[in-house]
Amino acid sequence: MVFWGAAMTFIATPILTYFFGKRWYCSWVCGCGGLAETLGDPFRQLSDKSLRAWKFERYSVHLVLVFVVITTALLWIDSATKGAVLGSVSSTFKSVYGFAIGATFAGVIGVGFYPIFGSRVWCRFGCPMAAVLGIIQKYFSRFRITVNGDQCISCGNCSTYCEMGIDVKSYAQRGQNIIRASCVGCGVCSAVCPRGVLKLENGPTGGRYNLN
Ligand code: SF4
Ligand code: SF4
């Protein structure tokens, strides 16, 4: 388990994310993502597209990541020392994480509130795996959505149906490739565009950020 865990974490995940962005996990593998794309699909347009939500997302998803890293480290220390150093501290962290994050945030809010907040609340605001993949996607991946900006008629379909609350239209209007940590590569923005403006690509990294 330790070998496969380390291999997946330090070899497979960075390589797959380099080539495909976080879509290889968030859209092709993850069970939460699968639920969002099926049960949650009728509510995908409800995602909050505001700047305030984007700012909140950047804090919340990384705070959960820090929380789970600390909890894991404490559990390892506790296991190695048989509880001699930390006592019950690590199990307290584990219980708080399990109830507040695992059950309440990911379960009750993340799934139960699809009809209020949209289909990817947990993926966007809380998932620590998505946070790690998002960092790799933004800075080290070949994945991006290219934009043929001249063709955009500003209909707004792409922004409306982006489940991650990305204002895709604003990128299209500027002719700017979309490289966002939160994009799960679902491809719906491209599918609903009536003018064929958007294309999901994972070619060589040169010019990822360039305006067309
Ligand atoms: S592929 Fe498009 S619709 Fe899907 S998350 Fe990324 S920007 Fe949003
Ligand atoms: S759906 Fe296509 S045409 Fe409409 S705003 Fe988005 S990029 Fe522009």
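The values are calculated or read from the model by the stated rules, or taken from the named source; none is laboratory data. As the structure is a prediction and not an experimental result, all values here were calculated from the model. Glycine gets a Cβ as well: all are built from the backbone with ideal geometry, and neighbour counts include every protein chain shown. Side chains are part of the model used for accessible areas, which takes the heavy atoms of the whole protein and leaves out ligands, DNA and RNA. Shrake-Rupley method; radii C 1.70, N 1.55, O 1.52, S 1.80 Å.
Given Cβ point charges of +1 (Lys, Arg) and -1 (Asp, Glu) and nothing else, what value in debye, to the nearest 20, does the dipole of the chain about its Cα centre take? Can you show the working numbers first?
Numbers: 20 positive and 9 negative charges, 85 e Å.
That gives the chain a dipole magnitude of about 400 debye.
Go ahead and estimate [θ] at 222 nm for the chain from helices alone: -39,500 (n - 2.57) per DSSP H run with n ≥ 4, summed, over the residue count, rounded to 500. Let's see the in-between values first.
Details: 12 runs with 104 residues, N = 212.
Taken over the chain, the calculation gives -13500 deg cm²/dmol.
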* May I ask which residue of Leu133, Phe105, Leu35 lies farthest towards the positive end of the charge dipole of the stretch 2-136, with charges of +1 (Lys, Arg) and -1 (Asp, Glu) on Cβ and the Cα centre as origin? => Leu133
* Asked: Residue by residue through the stretch 21-35, which ³J(HN,Hα) values in whole Hz follow from phi under the Karplus form 6.51 cos²θ - 1.76 cosθ + 1.60 (θ = phi - 60°), with glycine and proline marked x?
  -> x, 6, 4, 4, 9, 5, 10, 10, 10, 5, x, 4, x, x, 5
* Over the stretch 1-134, what percent of the accessible surface lies on carbon and sulfur atoms, probe 1.4 Å? -> 77 percent
* Quick one: what are the phi-derived ³J(HN,Hα) couplings along the stretch 77-94, Karplus 6.51/-1.76/1.60 with θ = phi - 60°, whole Hz, x for glycine and proline? => 4, 4, 5, 5, 9, 6, x, 5, 8, 9, x, 9, 4, 5, 6, 5, 4, 4
* Asked: Once both axes come from the Cα atoms, what is the angle between helix 128-140 and the longest principal axis of the chain, in degrees from 0 to 90, rounded to 10?
  -> 50 degrees
* So how many Å³ per residue does the convex hull of the Cα atoms of the stretch 2-136 work out to? -> 115 Å³
* Which FRET efficiency value, to the nearest 0.05, is calculated for Tyr139 and Thr72 with the Förster distance at 25 angstrom and r the Cβ-Cβ distance? -> 0.60
* Structure fact -> Lys and Arg at +1, Asp and Glu at -1: neighbours of Gly187 with Cβ under 15 Å from its Cβ sum to +3
* Name the residues of the stretch 1-39 whose amide N is less than 17 Å from a point 7 angstrom out from the Cα of Glu201 along the C-beta direction? -> 19-21
* Structure fact -> Within the chain, the cysteines whose Cβ lies no closer than 4.7 Å to any other cysteine Cβ are Cys26, Cys30, Cys32, Cys123, Cys127, Cys152, Cys155, Cys162, Cys183, Cys186, Cys193
* To do: Could you pull out every one of the lysines with an alpha carbon less than 24 Å from that of Lys55, ignoring same-chain neighbours closer than 8 positions?
  => Lys22, Lys138, Lys169
* Asked: How many nm is it between the label spots at Arg58 and Val29, if each spot is 7 Å from the Cα in line with the beta carbon?
  -> 2.7 nm
* Asked: Once phi is turned into ³J(HN,Hα) by the Karplus curve 6.51 cos²θ - 1.76 cosθ + 1.60 with θ = phi - 60°, what whole-Hz value does each residue of the stretch 108-118 show in order, with x for glycine and proline?
  -> 5, 6, x, 10, x, 9, 3, x, 10, 9, x
* Asked: Using the C-alpha atoms of the stretch 1-57, what convex hull volume per residue, in cubic angstrom, is computed?
  -> 122 Å³
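For the stretch 2-136, what is the accessible area per residue in Å², given a 1.4 Å probe and the full set of protein chains? Walk me through the numbers on the way to the answer.
Details: 7650 Å² over 135 residues.
Dividing the accessible area of the stretch 2-136 by its residue count gives 57 Å².
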* Asked: If contacts are Cα pairs under 8 angstrom and at least 6 residues apart, what is the relative contact order of the stretch 2-136 in percent?
  -> 38 percent
